[in-house]
Amino acid sequence: GEDVEQSLFLSVREGDSSVINCTYTDSSSTYLYWYKQEPGAGLQLLTYIFSNMDMKQDQRLTVLLNKKDKHLSLRIADTQTGDSAIYFCAVKISGNTGKLIFGQGTTLQVKP
Amino acid sequence: EAEVAQSPRYKITEKSQAVAFWCDPISGHATLYWYRQILGQGPELLVQFQDESVVDDSQLPKDRFSAERLKGVDSTLKIQPAELGDSAMYLCASSFRGGVQTQYFGPGTRLLVL
C-alpha cells in the first residue's frame with residue numbers, strides 16, 4: 001500500500017525559511033495535502049496541490065512537487081513563532097474513496 | 001466559517017467500559033471520515049461514509065468498534081469494550097461530494113483508557 005514518510009523534527013530561527021519534506025510511494029496519487037496541527041487540536045488544512053502541478057504558492061507557503069522522485073516539500077517563508085506546530089503531509093490514493101494516507105508528521109520548532 | 005463539530009473533547013474511561021463519540025460534519029458535506037491518531041503518529045482512517053453508507057471500513061476493528069450515520073448527517077463512533085491500546089485522538093473529517101474532496105477536520109476527541 002501507499003507509504004508516506006517525513007522527517008520528524010525541524011528547528012529554525014524566527015524570520016528564516018522552513019522547508020519540510022515528504023516522500024511517497026504511489027505514483028498514481030492524485031492530490032497531495034499539507035495540514036498543520038497545534039497541540040491538542042485537530043488538523044488545519046494549509047494547502048494542496050494537484051499531481052499534474054509542479055509548484056503552488058499561497059502567501060508565505062510554497063509547495064513543490066517532484067513526481068519523478070515522488071517528493072513533496074512545503075516551504076514557509078519568514079517563519080514566525082506562531083508557525084510552531086506539527087505538519088502532516090497527506091496523499092490521496094487513486095480510486096474513488098478519497099482516502100488520505102498521512103505521514104507521521106514533522107514537528108517545527110521556531111526559536112525567537 | 002462552517003466547522004466540523006465533535007464531542008466530547010476529552011474522555012477518560014476504564015478498560016472494558018463503553019465509549020461513544022459524536023461528529024457533526026459541515027453542512028452539505030456528503031462524505032464523513034473517522035480517523036484515529038495515536039500519539040506521535042499521523043491519522044489513520046477507521047471508517048468512511050458516503051451519505052449513510054459505509055464505503056471503507058477496512059481498518060475498523062469490528063469486534064469492538066462500530067460506527068453509524070443513520071440519516072446521512074451526523075455520526076457516532078462507539079467502542080465496546082474499550083482497551084488500553086485505544087487511547088488516542090479520534091478525529092472526524094468531512095468533505096464535499098466530488099471534486100478535490102478536500103477533507104476538513106474537527107477538533108478531535110482525546111480518549112484515555114485507564
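The values are calculated or read from the model by the stated rules, or taken from the named source; none is laboratory data. Predicted model only: the values in this text are computed from it and were never measured. Neighbour counts are summed over all protein chains in view; Cβ atoms, including those assigned to glycine, are modelled from backbone coordinates with ideal geometry.
Residue count for the stretch A:37-56 satisfying the condition of being among the charged types (D, E, K, R) and over 13 Å from A:GLN109 (Cα atoms): 2.
Among the conditions (1) without any contact (Cβ under 8 Å) to a residue 24 or more places away in the chain; (2) of a type in the set (A, V, I, L, M); (3) not in a loop (DSSP other than H, G, I, E, B), the only one that A:MET53 does not satisfy is (3).
For every residue, the table says whether it meets (1) closer than 16 Å to A:SER7 by Cβ; (2) of a type in the set (Lys, Arg); (3) away from chain B (no Cβ under 14 Å); (4) within 10 Å of the chain's Cα centre (by Cα).
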{"site": "A:ARG75", "(1), (2), (3), (4)": "yes, yes, yes, yes"}
{"site": "A:ILE101", "(1), (2), (3), (4)": "no, no, no, no"}
{"site": "A:GLN104", "(1), (2), (3), (4)": "yes, no, no, no"}
{"site": "A:PRO112", "(1), (2), (3), (4)": "no, no, yes, no"}
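Within the stretch B:74-103, track down each residue that is more than 10 Å from chain A (Cβ to nearest Cβ), in contact with a strand residue (DSSP E or B) (Cβ under 7 Å, 6 or more places away or on another chain) and either in a loop (DSSP other than H, G, I, E, B) or surrounded by fewer than 17 Cβ atoms within 10 Å (Cβ to Cβ) (or both). Matches in the stretch B:74-103: B:ASP74, B:THR76, B:LYS78, B:ALA82, B:GLU83, B:LEU84, B:SER87.
Remark: pairs (first residue in the stretch A:4-27, closer than 12 Å to A:THR107 by Cα; second residue at pLDDT below 95 and of a type in the set (S, T, N, Q); Cβ separation under 7 Å; 6+ apart in sequence or on different chains) = A:ASN21/A:SER7. Checking the structure you have, find out if any residue of the stretch A:2-14 is among the small types (Gly, Ala, Ser) and under 23 Å from A:PRO112 (Cα atoms). Yes, because at least one residue in the stretch A:2-14 is among the small types (Gly, Ala, Ser) and under 23 Å from A:PRO112 (Cα atoms). Quick one: in the stretch A:28-45, which of the residues that are touching a residue at least 24 places away in the same chain (Cβ under 8 Å) and hydrophobic (A, V, I, L, M, F, W, C) is nearest to the other protein chains (Cβ to nearest Cβ)? Only one residue fits best here, namely A:LEU43. Scanning the stretch A:71-95 for residues that are surrounded by fewer than 17 Cβ atoms within 10 Å (Cβ to Cβ), assigned to a loop (DSSP other than H, G, I, E, B) and touching a strand residue (DSSP E or B) at 6+ places or on another chain (Cβ under 9 Å) gives A:ALA77, A:GLN80.
Checked against (1) of a type outside the set (D, E, K, R); (2) in a loop (DSSP other than H, G, I, E, B); (3) crowded, with 21+ Cβ neighbours inside 10 Å; (4) on the phi < 0 side of the Ramachandran plot, A:GLY98 passes all but a single condition, namely (4).
Return the residues of the stretch B:22-39 that are surrounded by fewer than 17 Cβ atoms within 10 Å (Cβ to Cβ) and farther than 17 Å from B:GLN101 by Cα; say none if nothing qualifies.
Matches in the stretch B:22-39: B:TRP22, B:ILE38, B:LEU39.
Kindly evaluate A:ASP69 against the criterion of being more than 14 Å from the chain's Cα centre (by Cα), more than 12 Å from chain B (Cβ to nearest Cβ) and modelled with pLDDT of 95 or more. So A:ASP69 fails the test.
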